[in-house]
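S.K.: Pasting a structure below so you can have a look.
Read-outs: derived from the displayed coordinates by stated rules, not from any lab. Bear in mind the structure is a predicted one, so any value in this text is a computation, not a measurement. So basically every Cβ, Gly included, is an ideal-geometry build from the backbone, and we count neighbours across all protein chains shown.
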Amino acid sequence: MTGPSVDVGSVLASFAPRRHSEAVGRFARTVVAVAEPNSPARARALLFAAGKLAEYALSIGLELEAKVVLHPSVIERFCASSRAGSAPTRRTLRSNLRHLAKHAVAFAPTVPVAMPRERAKAPYSARELASYLALCDAQPTALRRARANALICLGAGAGLIGAELRSVRGADVVLRSGGVLVCVTGRRPRAVPVLADYHDRLVSAASFFGDRYLVAGQNPQSHNVTNPLIRSLSGGLDLPRLEPARLRSSYLVAMAEAIGLKAFMDAAGITCSQRLGDLVGHLEATPEETAVALLGAATVRGGPVSP
């Protein structure tokens, strides 16, 4: 064993889970160090998985010993529980935990229980997006029109969803680097180039709201704030119910086409993008001006969106 690198070592040393921090942290750091992760990102993923499993093991009365906690039966029991999270999260956790078990305890491999794969939502067509924008313009008040336009533009034009969508204020929409960007806060802060088709509408909505929330009204933590808005933009003109996840898919498809993702994956013979995140870690950060020029000029698949 060559031992962890300095960067990986600092990640291991600083790991401290929220619950049972001392015992869980010690267990996670020990088993991950044995696995010798090759990058800080890989170390964090393994520490997260080991910490979650250790918390579960304590909750069912198991001792935090590698040969006990990393036994295949315990891993499978944990991944089948609600504490493991969503289906994609369970698959990732199980893969990482089986990796730890292989290196820390050397259990014989077992055949795992099949877990369903969660498919991405289908994107909307250019016609459907144009129809939703027409419904935005048909809202009865200026407030509703601005909020409806913001919902479509932030979803299909910037790919925001969930808490990120609800927490955007008008002031977070900025004109710089030759385009329009949305400054996202929260767990993954970033500046997102907005698709060219949505520039004017989003800038207009942002000017209307100023420092107020574009979509969330007074309380961005409310889970019901977008439901009336979504209902008003659903149905009519033979449209399906509006889904923020499908708006995000529309954005992702436009981005993928702009960077030639399919051509790259076809040329590389890649059919699953699971490990592309590891490769991206080896790339230098893209200057904002370059990102805006590449992504901000992208258009919706099927042609520009106009109601």
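S.K.: Per DSSP H run of at least 4 residues, take -39500 (n - 2.57); add these up for the chain, divide by its residues and hand me the 222 nm value, nearest 500 deg cm²/dmol. Could the numbers behind the result be given before it?
M.R.: Values: 15 runs with 155 residues, N = 307.
About -15000 deg cm²/dmol.
S.K.: Right, another one. Per 0.36 nm of contour for each residue apart, how much would the distance between D266 and A163 grow if the chain were fully extended, relative to their Cα-Cα spacing? Display every interim value, and only then the final one.
M.R.: Numbers: separation 103, 0.36 × 103 = 37.08 nm, distance 3.40 nm.
Full extension of this stretch gives 33.7 nm more.
S.K.: Could you work out the Kirkwood radius for the chain, taking every pair of different alpha carbons, averaging 1/r and inverting it, reported in Å? Can you show the working numbers first?
M.R.: Numbers: mean 1/r = 0.0455 Å⁻¹.
In the chain this quantity evaluates to 22.0 Å.
S.K.: Related question: By how many degrees, 0 to 90 and rounded to 10, does the Cα axis of helix 21-35 deviate from the longest principal axis of the chain?
M.R.: The answer is roughly 80 degrees.
S.K.: Sorted by average packing, counted as other Cβ atoms within 10 angstrom per residue and highest first, what order do 174-185, 44-55, 123-134, 254-265 take?
M.R.: Numbers: 174-185: 17.2, 44-55: 23.2, 123-134: 20.2, 254-265: 14.5.
So the peptides 174-185, 44-55, 123-134, 254-265, ranked by packing, come out 44-55, 123-134, 174-185, 254-265.
S.K.: Please state, as a whole number in µm²/s, the translational diffusion coefficient that the Stokes-Einstein equation yields for region 126-296 at 25 °C and 0.890 mPa s, with Rh defined as the Kirkwood radius across alpha carbon pairs.
M.R.: Details: Rh = 16.9 Å.
Here the translational diffusion coefficient equals 145 µm²/s.
S.K.: I would also like to ask the following. If I take every Cα pair under 8 Å that is 6 or more residues apart in the chain, average their sequence separation and divide by the length, what percent do I get for the relative contact order?
M.R.: Averaging sequence separation for qualifying contacts and normalising by length gives 17 percent for the chain.
S.K.: Each residue of region 245-261 in turn: what ³J(HN,Hα) in whole Hz from Karplus with 6.51, -1.76, 1.60 and θ = phi - 60°, glycine and Pro shown as x?
M.R.: 5, 6, 4, 5, 4, 4, 5, 5, 5, 4, 5, 4, 5, 5, 9, x, 4
S.K.: In addition: How much length is gained if the chain between T30 and E257 is pulled fully straight, taking 0.36 nm per residue apart and subtracting their Cα-Cα distance, in nm to one decimal? Don't skip to the answer; put the middle values down first.
M.R.: Values: separation 227, 0.36 × 227 = 81.72 nm, distance 4.33 nm.
Taking T30 through E257 to full extension adds about 77.4 nm, to one decimal.
S.K.: Which whole-Hz couplings ³J(HN,Hα) result when phi for each residue of region 278-284 is put into the Karplus expression 6.51 cos²θ - 1.76 cosθ + 1.60, θ = phi - 60°, listed in order with x for Gly and Pro?
M.R.: The phi angles translate into 5, 5, 4, x, 8, 9, 6 Hz.
S.K.: Something else now. Lys/Arg Cβ at +1, Asp/Glu Cβ at -1, dipole of the chain taken about the Cα centre: which of N38, A148, L276 is farthest positive-ward?
M.R.: In the chain, that residue is A148.
S.K.: So how much slack lies between R119 and I230, counting 0.36 nm per residue of separation and subtracting their Cα-Cα distance, in nm?
M.R.: Additional length available on full extension: 37.7 nm.
S.K.: Also: Please list 3J(HN,Hα) in residue order for region 143-153, calculated via the Karplus relation 6.51 cos²θ - 1.76 cosθ + 1.60 where θ = phi - 60°; whole Hz, with x for glycine and proline.
M.R.: 4, 5, 5, 5, 5, 5, 4, 4, 4, 5, 5
S.K.: Using r as the Cβ-Cβ distance of R144 and A16, and R0 as 45 Å, what FRET efficiency do you calculate, to the nearest 0.05?
M.R.: Working: r = 46 Å, r/R0 = 1.02.
Efficiency, from the Cβ-Cβ distance: 0.45.
S.K.: Highest GNM mean-square fluctuation, the chain, Cα pairs closer than 10 Å: which of L279, L229, L160?
M.R.: Between L279, L229, L160, it is L279 that shows the largest mean-square fluctuation.
S.K.: Taking just the C-alpha trace of region 21-81, give me its Rg and Dmax in Å.
M.R.: When restricted to Cα atoms, region 21-81 yields Rg and Dmax of 11.1, 33 Å.
S.K.: Given points 7 Å out from each Cα along the Cα-Cβ axis, report the A87 to D137 separation in nanometres with one decimal.
M.R.: 3.9
S.K.: Further question: Can you tell me which lysines have their Cα less than 16 Å from the Cα of K102? Leave out same-chain residues fewer than eight positions away.
M.R.: K67
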